[in-house]
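Read-outs: derived from the displayed coordinates by stated rules, not from any lab. Since we're looking at a predicted model, the values are computed, not measured. Virtual Cβ from ideal backbone geometry, glycine too; neighbours counted across all protein chains shown.
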Amino acid sequence: MSRLLTMKLAVPCALLSILVGPLSAAAAITAQPDDPPSRRVYFGDLDLNRDTGVETLYSRINSAVREVCKTYDGWEPKLFTHSYECRHQALARAVSDINSATLTDYYLVKTKPATHKDTTSR
């Protein structure tokens, strides 16, 4: 290749890389790996005034939460805790975002800690 042809190609390529470089850096910044994964849950086909509609939606939300938050059943407490917190927060956020009183009531009943009855005899 002649030197003139090489220079004609090198200069535009250098200018293009100078212009495009910051754009690729901006794209890398906007797609952070720290952004939490998400799943869309459709419920337009459900009647949230009926128990069956609320139960179905809650089931769909739980399925999406299981996809998003890796379930870890191992013995390492840190990973187990992270998995539990992810599921708990994702479920609470989804219920809050939907903003349905019947779904919120159902969620509160499902997540309410079990009370222990005194089983000792007197």
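Figures for the structure shown
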{"read-out": "Pairwise FRET efficiency - T104 versus R39, Cβ, R0 = 22 Å, nearest 0.05", "value": "0.65"}
{"read-out": "For the range 51-111, fraction of C-alpha pairs farther apart than 12 Å, in %", "value": "67 percent"}
{"read-out": "Stretch gain in nm, segment T111-D97, where the contour uses 0.36 nm per residue and the Cα spacing is subtracted", "value": "3.3 nm"}
{"read-out": "Extension gain from S59 to H82, taking 0.36 nm per residue of separation minus the Cα-Cα distance", "value": "6.1 nm"}
{"read-out": "Length gained when the stretch V68-D47 is fully extended (0.36 nm per residue, less Cα-Cα span)", "value": "5.0 nm"}
